[in-house]
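Undergrad: One structure, as C-alpha cells, below. Some questions next.
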Amino acid sequence: MSVVMQDLTKGNPAKLIMMFTIPLVIGYLVQQLYNISDTLVVGQTLGVKSLAAVGATGSIQFLVMGFVQGFSSGMSIITAQRFGAHDMNGVRQSYATSIIAGIIMSVILTALSLAFINPLLRLMQTPADIFVEARVFIAIILAGTIATMGYNIISNAMRAVGDSKAPLYYLIVGMIFNITVELILILKFGWGVEGAAFATVMAQFVSIAASHWHISRYTDTLHLTWADFKLPKGELRQHMLAGVPMGFQQSIIAIGSVTLAAAVNTLGTDAVAANTAASKVDQIIIMVVMSFGVTMATYTAQNFGAGQYGRILQGVKVALAMGMIVGTILGVLEIAFGRDLVTLFVGQGQHEVMDLAQLYFWANGPLYAILATLFVLRYTLQGLGDVKTPTLAGVGEMVVRSVAAFSLVVWFGFFGASLANPLAWIGSLIFLVPAWIKVVRQLKQKIATEEVTPEAIPELD
C-alpha cells in the first residue's frame with residue numbers, strides 16, 4: 001500500500017500552502033511539548049532553581065540542535081527539487097544520502113558538543129547555584145544528538161515529497177511517550193532533571209521507529225533498498241554543501257541566543273526563570289509563524305524542480321499575507337494572556353518572575369509580523385538553492401542580537417535584553433528584503449522572455 005504524496009506544483013497556491021501548513025503548525029506545537037513538558041514537570045515538581053537550570057541550557061540546545069535542523073532541512077531541499085522534477089530514483093537516492101550524511105555529522109557534533117559543555121556554561125555566566133543541574137541535563141540531551149538528527153532527516157524527507165501529516169502523527173506518539181516516561185522517572189524514581197533529559201531522547205527514538213515503520217509500509221517514494229545507498233560520485237558532497245551552510249546559518253543565529261542568555265544570566269535566577277518560561281510561550285508562536293516559511297521551502301523547491309517559477313511568486317505573496325496576519329493576532333494574544341501561561345511553569349506566587357515575563361511579551365508581541373516576513377523570505381530563498389543570502393541574514397541577526405543584548409541590558413535591564421530578539425529580526429531582513437526584490441525582478445524578466453532554466457535561479461545576480 002502506498003500513500004499519495006502532495007504535489008505542490010499543481011492547484012491553487014493559497015489552498016495548497018494552507019493545507020500543507022496546518023499539519024506543520026500542529027507538529028511544531030507538539031514538538032514544543034517536548035521542551036515544555038521538561039520545563040512544566042521540572043518547574044512544578046523540582047522548583048524554580050531546577051527550572052532555571054533546564055532553561056539556562058536552552059541556548060546551547062539551540063546551538064547544536066539548530067545546526068541539526070538546518071543541516072537536515074538543507075539536504076531535503078534537494079529531495080524536494082527531485083520530487084518536483086518527478087525523478088523518483090533521485091528522491092530515494094537523496095534520502096539515502098541524507099541518512100549517511102546525518103550519521104557522519106551526528107558523530108562529529110556529539111563529540112564536539114560534549115567536549116565544550118563546561119566552557120559554554122561558564123561563558124554564558126550560568127549562576128553557580130544551578131550550574132551542576134544544568135550541566136547534567138544538557139550532557140544527556142547532547143549525547144542523544146543522533147536521535148534528533150534521525151528524526152529531523154526522516155520527517156524532512158516526508159515533507160519534501162509533500163507529506164506533512166505523517167511526521168505529525170509520529171511526533172504525537174513520541175510526545176505521549178515523552179510525557180509519560182518523564183513523569184515516571186521524576187516522580188516515581190526521583191531522577192530529577194536527568195529524568196527529563198532521558199525521556200526526551202528516548203521519545204525521539206520512538207518517533208524515528210514509528211516514522212520508519214510508516215515509510216516501509218505506506219510510502220513507496222521513500223522506501224529504500226541497499227542499492228539506494230550505493231552513491232554516485234559527488235552525491236554526498238552535493239548534500240553536504242546543501243546542508244552544512246543551512247546548519248551553520250542556524251548555529252550563527254544560536255550564537256546570538258547564547259549571547260542573549262549570557263546577558264540575562266547576569267540579572268540573576270529570577271530573570272533566568274522568567275526568560276525560560278516566557279521563551280516557552282514565545283516559542284509556540286514562533287513555531288506557528290515559522291511553519292509558513294517551512295512550507296515555502298518545500299513549495300518553492302518542488303516548483304523550482306518542475307520549472308513553475310510563476311507559481312513561486314504567487315506562493316510568496318500568499319504566504320506573506322497569511323504569516324503576517326497570524327503573527328499579529330498571536331502577538332496580541334500573547335500580551336493579553338501570556339502571564340497566565342507563565343504560571344504553568346513557575347506556579348502561583350512567583351510575582352517577580354511573572355512581572356519580568358510580561359515585559360518579555362511586551363517587547364516581542366507587537367512584532368511577529370516582521371518575524372513572519374523573515375521566515376517566508378528566508379525559506380523561499382533556500383528552496384531556490386540560495387544558501388549565501390540566508391547565511392548572511394543569520395550573521396546579521398546574530399550581531400544585532402548580541403550587541404543589543406549586552407548594551408540594552410545595561411540601560412533597561414530585563415526589558416532591554418528582551419528587545420534584542422525583535423531587533424535581531426530587523427537585522428536579518430536588512431539582507432533578505434533586497435535579495436528577494438532582486439530575485440523577483442530577475443524572475444519576472446526571465447519568465448517574460450521564457451528564458452528561465454533550473455540552473456539559473458540559485459545564481460541570480
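The values are calculated or read from the model by the stated rules, or taken from the named source; none is laboratory data. Just so you know, these numbers come straight off a predicted model, no measurement behind them. Here the Cβ is made from the backbone with ideal geometry for all residues, glycine too, and neighbour counts use every protein chain on show. When the accessible area is computed, the model is the full protein with side chains, heavy atoms only, and any ligands, DNA or RNA have been set aside. Shrake-Rupley method; radii C 1.70, N 1.55, O 1.52, S 1.80 Å.
Undergrad: Looking at this structure, is Val400 in a helix (DSSP H, G or I), surrounded by fewer than 24 Cβ atoms within 10 Å (Cβ to Cβ) and hydrophobic (A, V, I, L, M, F, W, C)?
TA: Spelling it out, Val400 is indeed in a helix (DSSP H, G or I), surrounded by fewer than 24 Cβ atoms within 10 Å (Cβ to Cβ) and hydrophobic (A, V, I, L, M, F, W, C).
Undergrad: Let me ask you something else. Out of Leu330, Leu344, which single residue is assigned to a helix (DSSP H, G or I) and in contact with a Leu (Cβ under 9 Å, 6 or more places away or on another chain)?
TA: That would be Leu344, the only listed residue that is assigned to a helix (DSSP H, G or I) and in contact with a Leu (Cβ under 9 Å, 6 or more places away or on another chain).
Undergrad: Of the residues Gly162, Gly102, which is within 19 Å of the chain's Cα centre (by Cα), over 25 Å from Leu16 (Cβ atoms), of a type outside the set (Phe, Trp, Tyr) and open to solvent by less than 20 Å² (accessible area, probe 1.4 Å)?
TA: One residue alone meets the criteria, Gly102.
Undergrad: Then there's this: Do we find that Thr373 is farther than 26 Å from Ser50 by Cα and among the polar types (S, T, N, Q) in this structure?
TA: Judged against the criteria, Thr373 is a match.
Undergrad: While we're on this one: Evaluate segment 84-96: report whether one residue or more is within 15 Å of Asn152 (Cβ to Cβ), modelled with pLDDT of 90 or more and open to solvent by 10 Å² or more (accessible area, probe 1.4 Å).
TA: Scanning segment 84-96, I find at least one residue that is within 15 Å of Asn152 (Cβ to Cβ), modelled with pLDDT of 90 or more and open to solvent by 10 Å² or more (accessible area, probe 1.4 Å), so the answer is yes.
Undergrad: Going through segment 132-142 one residue at a time, which ones are modelled with pLDDT under 90 and either open to solvent by 10 Å² or more (accessible area, probe 1.4 Å) or among the β-branched types (Val, Ile, Thr) (or both)?
TA: Val132, Glu133
Undergrad: If the requirement is being on the phi < 0 side of the Ramachandran plot, outside any helix (DSSP H, G or I), in contact (Cβ under 8 Å) with a residue 24 or more places away in the chain and of a type outside the set (Asp, Glu), which of these qualifies: Leu187, Leu267, Leu183, Leu260?
TA: Leu267
Undergrad: Right, here's the next one. Here are Thr276, Thr269: which of them is surrounded by fewer than 22 Cβ atoms within 10 Å (Cβ to Cβ) and more than 21 Å from Arg378 (Cα to Cα)?
TA: Result: Thr269 is the single residue among Thr276, Thr269 that is surrounded by fewer than 22 Cβ atoms within 10 Å (Cβ to Cβ) and more than 21 Å from Arg378 (Cα to Cα).
Undergrad: If you take the residues in segment 317-334 that are among the aliphatic types (A, V, I, L, M) and under 20 Å from the mean Cα position of the chain (by Cα), which one is most open to solvent (accessible area, probe 1.4 Å)?
TA: Met324
Undergrad: Condition test on His239, is it open to solvent by less than 20 Å² (accessible area, probe 1.4 Å), assigned to a helix (DSSP H, G or I) and free of Cβ contacts under 8 Å to residues at least 60 places away in the same chain?
TA: no
Undergrad: Of these, Ala277, Ala254, Ala227, Ala319, which one is more than 19 Å from Thr391 (Cα to Cα), at pLDDT below 85, assigned to a helix (DSSP H, G or I) and out of contact with any Cys (no Cβ under 7 Å at 6 or more places or on another chain)?
TA: Only one candidate qualifies: Ala277.
Undergrad: Which residue out of Ile154, Ile140 is farther than 14 Å from Ile60 by Cα and assigned to a helix (DSSP H, G or I)?
TA: Every option except Ile154 fails the conditions.
Undergrad: Oh, and also: Among the residues in segment 174-187, are any open to solvent by 10 Å² or more (accessible area, probe 1.4 Å), among the acidic types (Asp, Glu) and closer than 30 Å to Arg135 by Cα?
TA: There is no residue in segment 174-187 that is open to solvent by 10 Å² or more (accessible area, probe 1.4 Å), among the acidic types (Asp, Glu) and closer than 30 Å to Arg135 by Cα.
Undergrad: For Tyr28, all conditions in the list (1) within 29 Å of Leu330 (Cα to Cα); (2) aromatic (Phe, Trp, Tyr); (3) at pLDDT 85 or above hold save one; what is the number of the exception?
TA: It is condition (3) that Tyr28 fails.
Undergrad: So, of the residues in segment 5-20 that are under 13 Å from Ala166 (Cα atoms) and not aromatic (Phe, Trp, Tyr), which turns out to be modelled with the highest pLDDT?
TA: This residue is Gln6.
Undergrad: Pick from Thr110, Thr126, Thr145: which is at pLDDT 90 or above and either closer than 27 Å to Val25 by Cα or open to solvent by less than 20 Å² (accessible area, probe 1.4 Å) (or both)?
TA: Selected residue: Thr145, the only one of Thr110, Thr126, Thr145 that is at pLDDT 90 or above and either closer than 27 Å to Val25 by Cα or open to solvent by less than 20 Å² (accessible area, probe 1.4 Å) (or both).
Undergrad: Can you run down the residue pairs with Cβ atoms below 7 Å, 6 or more apart or on separate chains, where the first is in segment 116-128 and more than 18 Å from Asp270 (Cα to Cα) and touching a residue at least 24 places away in the same chain (Cβ under 8 Å) and the partner is of a type in the set (D, E, K, R) and open to solvent by 60 Å² or more (accessible area, probe 1.4 Å)?
TA: Ile117/Arg135
Undergrad: Hey, any hits in segment 64-75 for a residue that's of a type in the set (Val, Ile, Thr), open to solvent by less than 20 Å² (accessible area, probe 1.4 Å) and within 23 Å of Val264 (Cβ to Cβ)?
TA: Yes, segment 64-75 contains at least one residue that is of a type in the set (Val, Ile, Thr), open to solvent by less than 20 Å² (accessible area, probe 1.4 Å) and within 23 Å of Val264 (Cβ to Cβ).
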